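Before any comments, here is the structure.
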Amino acid sequence: MKILELCLSPDLGGLELYALRSARALRAGDEVLTVCAEQGRLHGKLVEEGLPHVPFRNGWRPFPLLAARRLAALIDREGVEVIHLHWGKDLPLAALAKRLSRRKPALVYTRQMQLTRGKQDAYHRFLYGSMDTMLTITEQLADAARRHLPPEDAAKVHCLYYGVAAPGELLDAEARKRLRLEAGLPTEGFVVGLFGRMEPFKGQTLMLDALASARAAGEAIHALLVGHEMEPGYRATLQQKAQELGIGDRVVFQDFVENPQRWMQLCDVLALTTIEETFGLVLVEAMRAGVAVLGSDRGGVPEIIRHGENGLLFRSGDAADLYAQLGRYNREPELRARLAAAGKADADQRFNEQTHFVALRRQLAEAAKSE
């Protein structure tokens with residue numbers, strides 16, 4: 001099967017990295033060609049890994065006719081049987097290219113963001129009518145998509161949870177202490193990790209407020225904040241806030257890291273403080289690494305964390321409840337160990353990367369067969 005992975009997003013977050021992982025994994029049994037943004041960060045990653053790709057420049061996004069003709073010519077020349085689409089803004093391009101192509105490849109769209117309004121007008125009926133399958137990363141997203149899409153397209157929607165690789169290594173106690181020391185973290189103290197882009201939406205300030213509450217209560221909770229700042233100077237703003245709250249010595253800031261699961265193992269708990277996250281990939285990465293998790297109770301996170309069974313939830317946006325749940329983990333090491341073990345067992349089974357890509361390939365093959 002000849003698969004075209006399409007992702008023209010200029011960024012390099014979870015969506016783009018999933019496109020990269022899909023291209024890498026599907027090559028095991030199929031021919032895969034990735035079409036990426038000419039100036040995008042995904043392009044650099046594809047070059048680094050030596051994966052077959054074509055840098056591409058899109059046109060006017062609502063109706064990119066000229067770009068669609070170029071993409072259709074590529075599809076016909078390469079014998080593409082199925083397009084795997086990742087970024088919603090690429091749907092007009094993919095739909096038009098499919099219509100203009102002689103081969104009429106199947107179109108499978110992995111939807112990672114919420115559909116917030118109806119798509120019943122003629123323009124959206126054309127776009128979603130061109131789609132053979134929509135794969136959502138949570139059941140919540142699947143339900144919303146079925147409500148908002150035209151009835152004839154709702155049956156195309158299926159949920160396929162992300163898959164995450166097992167960590168390359170599980171750190172022993174001595175390695176953990178050594179790496180904590182190198183990172184500027186206490187070797188024995190309680191540390192919570194927060195991994196994600198540094199921007200207001202991700203809730204780093206909420207974590208700082210929770211740590212300030214812990215300090216006021218005489219409880220020593222340290223934090224490791226890892227991520228690339230989206231706006232220059234935002235990390236400095238967070239550092240200043242930490243100083244003003246009197247917790248500057250309890251927070252370590254670290255830029256984007258290539259091996260997050262290794263860094264996660266320096267933490268006693270991995271938290272996700274986004275007000276509403278559609279999935280929460282970092283939670284699953286931490287679970288597979290054997291780290292206890294804590295997430296907000298909105299969005300797709302409650303599909304990953306079952307409160308008190310494989311992790312804990314806190315009220316979204318509530319710094320006081322965030323501190324309360326962190327305090328439970330800090331004061332109850334037996335609870336932390338039990339939930340970490342249960343979380344790992346659950347994630348190893350439900351969010352296994354190998355199982356995920358077997359299921360994805362099956363969806364792509366079935367779509368290609370139906371065309």
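When the C-alpha to C-alpha distance is required to be over 30 Å, the pairs from 45/202; 45/89; 202/369; 45/177 that qualify are 202/369; 45/177.
Sites count as exposed loop sites when they are chymotrypsin sites (Phe, Trp or Tyr not before Pro), lie in a DSSP loop, and have at most 16 other Cβ atoms within 10 angstrom; the longest stretch of the chain without one is 61-255.
For the set 159, 7, solvent exposure ranked by accessible area (probe 1.4 Å, protein chains only) runs largest to smallest as 159, 7. For residue 244 and residue 154 in one chain, what is 0.36 nm times their gap in residues minus the Cα-Cα distance, to one decimal in nm? Computed gain between residue 244 and residue 154 is 27.3 nm.
Counting only protein heavy atoms and using a 1.4 Å probe, what share of the accessible area of the chain belongs to carbon plus sulfur, as a whole percent? Write out the running numbers ahead of the final one.
Working: 8030 of 15730 Å².
With neighbouring chains kept in place, the figure for the chain is 51 percent.
Amide H to amide H, with H built 1.01 Å from N, residue 159 comes under 5 Å of 136, counting only residues 5 or more places away or on other chains. When 274, 205 are compared by accessible area at a 1.4 angstrom probe, the order from most to least is 205, 274. What's log10 of I(q)/I(0) for region 246-371 at q = 0.13, 0.20, 0.22 Å⁻¹, Debye sum over Cα points only, no solvent? So the normalised log intensities work out to -0.58, -1.17, -1.33. Have a look at 278, 136, 116 and tell me which one the Gaussian network model of the chain (Cα, springs below 10 Å) gives the largest fluctuation. Fluctuation is largest for 116.
For region 10-49, what value does the Rg/Rh ratio take when both radii are computed over Cα atoms and Rh is the Kirkwood radius, given to two decimals?
Details: Rg = 9.9 Å, Rh = 10.3 Å.
Expressed as Rg/Rh, it is 0.95.
Shape summary: region 1-90 maps onto an equivalent ellipsoid whose semi-axes, from the alpha-carbon gyration tensor, are 19, 17, 11 Å in decreasing order.
Less than 5 angstrom separates the built amide H of residue 311 from those of 306, all sequence-distant by 5 or more or on a different chain.
Quick one: P(r) of region 163-281 from all Cα-Cα pairs, 5 Å bins, percents rounded to integers, in order of increasing distance. Cα pair-distance distribution for region 163-281, in percent: 2, 11, 21, 24, 21, 13, 7, 1, 0.
Accessible area per residue for region 1-151 in Å², computed with a 1.4 Å probe and the full protein assembly in place, what is it? Before the final figure, lay out each step's value.
Numbers: 6280 Å² over 151 residues.
Accessible area per residue, region 1-151: 42 Å².
Diagonalising the gyration tensor over the Cα atoms of the chain and scaling each eigenvalue by 5 before taking the square root yields semi-axes of 40, 20, 20 Å, largest first.
Heavy-atom accessible area per residue, region 162-277, 1.4 Å probe: how many Å²? Spelled out: the 1.4 Å probe surface of region 162-277, per residue, equals 45 Å².
Residues whose amide H comes within less than 5 Å of that of residue 190, counting only those at least five positions distant or on another chain, are 222 (H built at 1.01 Å from N in the peptide plane).
Between residue 113 and residue 307, full extension at 0.36 nm per residue minus the direct alpha carbon distance yields a gain of 67.5 nm.
Here the Karplus curve 6.51 cos²θ - 1.76 cosθ + 1.60, taken at θ = phi - 60°, turns the phi angles of region 255-260 into couplings of 5, 3, 10, 7, 10, x Hz, with x standing for Gly and Pro.
Semi-axes of the equivalent ellipsoid of region 123-206 are 44, 17, 10 Å, computed as sqrt(5λ) over the eigenvalues of the C-alpha gyration tensor in descending order.
The values are calculated or read from the model by the stated rules, or taken from the named source; none is laboratory data. Everything numeric here is computed off the predicted structure, so don't read it as measured data. For neighbour counting, all protein chains shown are included, and Cβ atoms are generated from backbone atoms with ideal geometry for every residue, glycine included. In case anyone asks, the SASA skips ligands and DNA or RNA and just uses the protein heavy atoms, side chains included. Shrake-Rupley method; radii C 1.70, N 1.55, O 1.52, S 1.80 Å.
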